[in-house]
1. Residue by residue through region B:458-500, note down the ones that are in a loop (DSSP other than H, G, I, E, B) and over 35 Å from the mean Cα position of the chain (by Cα).
2. Residue by residue through region B:180-195, note down the ones that are buried (at least 16 other Cβ atoms within 10 Å of the Cβ) and in a loop (DSSP other than H, G, I, E, B).
3. Can you confirm whether region B:277-292 contains a residue that is without any contact (Cβ under 8 Å) to a residue 60 or more places away in the chain and not in a strand (DSSP E or B)?
4. Looking at this structure, is residue B:117 under 30 Å from residue B:485 (Cβ atoms), surrounded by fewer than 18 Cβ atoms within 10 Å (Cβ to Cβ) and without any contact (Cβ under 8 Å) to a residue 24 or more places away in the chain?
5. Which members of region B:705-718 meet the condition of being under 20 Å from residue B:280 (Cα atoms) and touching a helix residue (DSSP H, G or I) at 6+ places or on another chain (Cβ under 7 Å)?
6. Of all residues in region A:6-27, how many are surrounded by fewer than 23 Cβ atoms within 10 Å (Cβ to Cβ) and either assigned by TED's automatic domain parsing to the domain that holds residue A:102 or closer than 14 Å to residue A:68 by Cβ (or both)?
7. Identify, from the list B:688, B:763, B:749, the residue that is buried (at least 24 other Cβ atoms within 10 Å of the Cβ) and more than 14 Å from chain A (Cβ to nearest Cβ).
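The values are calculated or read from the model by the stated rules, or taken from the named source; none is laboratory data. Only a predicted model underlies this, so the values are computations on that prediction, with no experimental measurement involved. Cβ sites come from the backbone with ideal geometry, for glycine too, and all protein chains shown count toward neighbours.
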């Protein structure tokens, strides 16, 4: 029973109660993934599993046998950040920085969802194969990631830099 | 607080009042800020340049260590069991099954917890940090619904969580006061806040109101709120060689260390609190029971302990903002000159804290009126102690006051901005002090222009876009300049021209580390990369609260004092061979990695040269600023003109905020990039206050029934439009760096601006927050 985290194989826990979030934070020392509610309401624990965003607090680690997890640590580092991480800095898309890893991982997954043509509540034509990006699409799709410091404008601005089509 | 405590506060208050009078009358030059900070005249340096956060790379990489993320050898995990009654006694406490559960090391209860003194409650002495003054797990008595009754310590979090569910408690309930109605029926008392009664009277406001040609008189109510920082309250603690080390998320590391030392009966220097990053504070990251319980548990089991509260635990253990019932009555003459202001009401607190929600504060300095009557009555409930949350007083007080102003403008058929400008006071209307710097009119004019206020239709319910009713509203934001006593800073300057500034301050996302690196670099004449700003550690100098929007002033004044001491020392070392020989500290400033004469920069010597000649590797000084007498000499307040456009669905009553502008007058803006984020953040929390936030308190049981982020709604991305912020950038000549605090003002005025826009859109006046759709259908 192993899981790949940022390309490194790790043992799954013997205790089936361990969430993926707690495996990352408490056992693997990857505390970049944050715990804000432990009940799927805040998005701070968002990670990518095989490229899709999930809430790691609602995932039991043992369910992820053989899967590949990317956390904020796997996207980039302080010295060598991913372009989205750099954009968050440039646009001040955070203040305290606690929800930030979840926002960034969520945005990575969200961008792929749109590119795949998955509609959202604000998509005007849900049958369209190509969904035009807009700030409201970003806002709607990022609404599961709470930010209490109120960095919402900067977060949307940062994400928009990866989406030239979202720039209004 | 008890009667004795109240009397003590009254006596302190009387002494303070006498002192205030003397300080008010003293010459400006005797007062801190009487001579403007020389940095105010620096217009082309680091200050004022939008500067990216220095801790940004760590935060976006998930590499900034928060309190619950410090690894410790042999660490174990804790989980709490909480009471389910509001008042009474534990009669049976069965922990046997929990103790026998796999992985459990111990179960701590009042029976076996280390003996501790009760915490000195915040504001009861200079370094007190307690959210209340109740003993922590020392006896069988229960004081609120949710009070911790047991701490399970286990090898893993999962084991601790499970074992907590096995703790069995039987209570003997006693009658508890858990409804505001019942508490009011028992009588109220004039609330005391920071040693002074929350009561002001100028003239006879009741008579002036009755005699006014036009008046409004309405009641407003605001619910309880919780801070809901996204980081859960968590601590990692250990006892190492008799020293209690706490990695915490804290807004008051030095206060916390002192208070814990009092509780554990040890020397202050035997408690070390560090808090390099705080995942949001807003008033909620102070000292509550969890730090104490974790420290006690760690001492009991002899191992490092990590205790992270669940989101529900945060609601049970960490106080929030109390609800308020307010009355605002305004009397005016037909041309809109206000003749009477009455702002009064009631708010609940507990018998164990000193924090009545002081909702009249914004009204004290707001408008010129010949008569003013302000009064807060406090009642006591059996509940978790309430506490300060972003802009205590002003946040909910401005909702009532600024809604009433809008009602008055409507009744007078007058533009609400013109009504406010017409009533601009010349001096502080309640204490008569001159304003240090007040440019609210400029903020109103600039904001109105930018927002397109002239397009607003004064008649409500007249603008429609399909199914949406569209309206505009405005309100004044206000928050005082504070500076609390206790600041101190240390500067170490090396021969290589590197400076380290040490102060026990805090970074909760406000941009403290970045901004004060900029300010220190500017003051010392160094590049940003030559300055290290150390903070978030109780062993550093200073007792600094990150609260009351006063941290920047406190750090600023402390660094000014330390800098003066540094210059004095450097001039001494420079001696008679220096171009600076014979100059006094006040004649000299930092520039270009050295010192120069302020009015003749050609007289210059570099730090390297001074220290080199003196054969010194470095020089280190520490100093404290003088007491914050400026706040008793001038009326020092920031202001904002808040503009809101809403769209209200004509069928469902759904409110969408489509545009928002805050136009601020907060003195000089030090770092426009992080300041803009502080303003926006405050405004967004204000949108939550206006439209959705409410802690639901069951008045039968005294239990909070929505203790989660799925049931307590905060604004999400889709609720937040582009928030536009602008500022006057006019320095306050009497504040360090010319800057007044900016952390809280954004939440003030916002709810009223939204409510006033909703009225303009729909003709419906909602006086009870939050403005949910049921109130508009």
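1. Step one: filter region B:458-500 for residues in a loop (DSSP other than H, G, I, E, B), giving B:458-463, B:466-467, B:481-488, B:495-498.
Once the filter is applied, which keeps residues that are in a loop (DSSP other than H, G, I, E, B) and over 35 Å from the mean Cα position of the chain (by Cα), region B:458-500 yields B:458, B:459, B:460, B:461, B:462, B:463, B:466, B:467, B:495, B:496, B:497.
2. Taking region B:180-195 as the starting set, the residues that turn out to be buried (at least 16 other Cβ atoms within 10 Å of the Cβ) are B:180, B:183, B:188, B:191-195.
Result: B:188, B:191, B:194, B:195.
3. Taking region B:277-292 and keeping what is without any contact (Cβ under 8 Å) to a residue 60 or more places away in the chain, we get B:291.
In the following step, the residues that additionally are not in a strand (DSSP E or B) were identified as B:291.
Yes - at least one qualifying residue is present in region B:277-292.
4. Details: under 30 Å from residue B:485 (Cβ atoms): yes; surrounded by fewer than 18 Cβ atoms within 10 Å (Cβ to Cβ): yes; without any contact (Cβ under 8 Å) to a residue 24 or more places away in the chain: no.
Against the criterion (under 30 Å from residue B:485 (Cβ atoms), surrounded by fewer than 18 Cβ atoms within 10 Å (Cβ to Cβ) and without any contact (Cβ under 8 Å) to a residue 24 or more places away in the chain), residue B:117 does not qualify.
5. Let us first name the residues in region B:705-718 that are under 20 Å from residue B:280 (Cα atoms), namely B:707-717.
B:707, B:708, B:709, B:714, B:715, B:717, listed by residue number.
6. Total satisfying the criteria: 6.
7. Values: B:688 fails: more than 14 Å from chain A (Cβ to nearest Cβ); B:763 fails: buried (at least 24 other Cβ atoms within 10 Å of the Cβ).
None of the other options fit; the residue is B:749.
Residues are listed down the side, and each one gets a yes or a no for (1) under 21 Å from the mean Cα position of the chain (by Cα); (2) farther than 29 Å from residue B:280 by Cα:
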site: B:365; (1), (2): yes, yes
site: B:372; (1), (2): no, yes
site: B:379; (1), (2): no, yes
site: B:384; (1), (2): yes, no
site: B:390; (1), (2): yes, no
site: B:393; (1), (2): yes, no
site: B:397; (1), (2): yes, no
site: B:406; (1), (2): no, yes
site: B:410; (1), (2): no, yes
